[in-house]
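Asker: Take a look at this one; I'll ask things after.
Any read-out appearing in this document is the output of simple, stated calculations on the displayed coordinates, not a laboratory observation. Remember, it's a predicted structure, so these values are computed and weren't measured experimentally. Here the Cβ positions follow ideal geometry from the backbone for every residue, glycine too, while neighbour counts run over all protein chains shown.
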Amino acid sequence: MKKIILILITVLFYINLFAQKESSNISKIDSIKPDFEEWSKQAVAESSSWLQKKGIELNSLPKAPKEQIVYTCNSKVLLRERNDDTLKLWTSGGELYLDTLKLLEHIDKPSFGKTNYISEISSNGNFTLVFLRQKTFHIKNDSSFELETFYKISLDSMMQLWTKKFEFINDSIKNDSIMNIININSYDDFKLIFHPDIFPNGVYSGNIFKDRIELESHWIANNKNYYRISIKNEFLGGKTEYSYLFDENYKFLKYEGCFKEELSLLKEENKKENGSQQSIKRQ
């Protein structure tokens, strides 16, 4: 009996000791947290001050034509240009997270403030640099075509050329020579991505880029058609997918500004079943 009591006392002792250590660790973490918050505030303030001295504003494209600048509903900065039946959109093509020294390598480039901009300052004082990528569309006979890059040589060969280009990034002569070979072996052409009558079963796979295009949703609201399509393919053994949401006049609701009122109409009760498409009547 005494042995059992002794064992219980020993167990209780170690449980209490463990609890004290855990309590001590929690106290240490709690004491570190205010220090990090204070450090973070200081880091953000110093980065903000650095931008101000450089005359750089967040989410700003001072070199871009003012009439092309648009803001989405979540305050992202994009560019758009419409000329007759041609639409150009500059949407996010990637981001880099940089400290002050790395950012200095970008702010003197012609593209900074024109198609590249700083979107935010992170909690550690680093910057998020956004790169906008151009997409071009052509509207013809109620069909939408997207400009795509095609290669005259195999994709593997093209990727080898791009790899070599980056290997010789500091050798302008070799770099330009490789870029010339890339340009000779690639060309741009338009591929069909939408017409309201090409989705009898909700899927179209007949364009020259061999995309699989799915009509995900079709709404009719206030006597107006809205569509969401997804475009799927394969690249270097992996799957690719992106989507567009637009109205019957090919206004891209996510890229040409903020259209909260129209987006609010895209509800389940306004959906139309695949296979019962209504032809577009462009205004």
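Asker: Could you pull out which residues in region 231-273 have an amide N less than 16 Å from a spot 7 Å beyond the Cα of residue 223, following the Cα-Cβ vector?
Answerer: Once the point is set 7 Å along Cα→Cβ of residue 223, 248-249 turn out to lie under 16 Å by backbone N, inside region 231-273.
Asker: What is the extension gain from residue 67 to residue 209, computed as 0.36 nm multiplied by their sequence separation minus the C-alpha to C-alpha distance, in nm to one decimal?
Answerer: Here the segment from residue 67 to residue 209 would lengthen by 47.8 nm.
Asker: Kirkwood Rh, Cα Rg: Rg to Rh for region 144-215?
Answerer: Result: Rg/Rh = 1.18.
Asker: Based on the Cβ-Cβ distance of residue 273 and residue 150, what FRET efficiency does E = 1/(1 + (r/R0)^6) give at R0 = 41 Å, to the nearest 0.05?
Answerer: Numbers: r = 35 Å, r/R0 = 0.86.
With a Förster radius of 41 Å, E is 0.70.
Asker: Using only alpha carbons, build the gyration tensor for region 66-270 and give me the equivalent ellipsoid semi-axes, biggest first, whole Å.
Answerer: Each semi-axis is the square root of five times an eigenvalue, giving 33, 25, 15 Å.
Asker: Report the local net charge at residue 201: Lys and Arg +1, Asp and Glu -1, summed over other residues whose C-beta lies under 14 Å from its C-beta.
Answerer: -3
Asker: Once each part is reduced to its C-alpha centroid, what is the distance from region 168-194 to region 53-76 in angstrom?
Answerer: That distance is 29 Å.
Asker: Further question: Between residue 188 and residue 159, what length comes free when the chain is fully extended (0.36 nm per residue of separation minus the Cα-Cα distance, one decimal in nm)?
Answerer: 8.7 nm
Asker: Just to confirm a number: summing +1 for Lys and Arg and -1 for Asp and Glu over residues other than residue 171 whose beta-carbon lies under 12 angstrom from that of residue 171, what do you get?
Answerer: Charge balance near residue 171 sits at +1.
Asker: While we're here: With θ set to phi - 60°, apply the Karplus curve 6.51 cos²θ - 1.76 cosθ + 1.60 along region 261-269 and write out the HN-Hα couplings as whole Hz, x wherever there is a Gly or Pro.
Answerer: Per residue, the Karplus-derived 3J(HN,Hα) values read 4, 5, 4, 5, 7, 7, 10, 4, 5 Hz.
Asker: Lysines within cross-link reach of residue 152: Cα-Cα under 17 Å, excluding same-chain residues under 8 positions apart?
Answerer: 191, 210
Asker: One-quarter of the Cα convex hull surface for region 59-116, in nm²? Let's see the in-between values first.
Answerer: On the way: hull surface 19.4 nm².
Mean shadow area of the hull around the Cα atoms is 4.9 nm².
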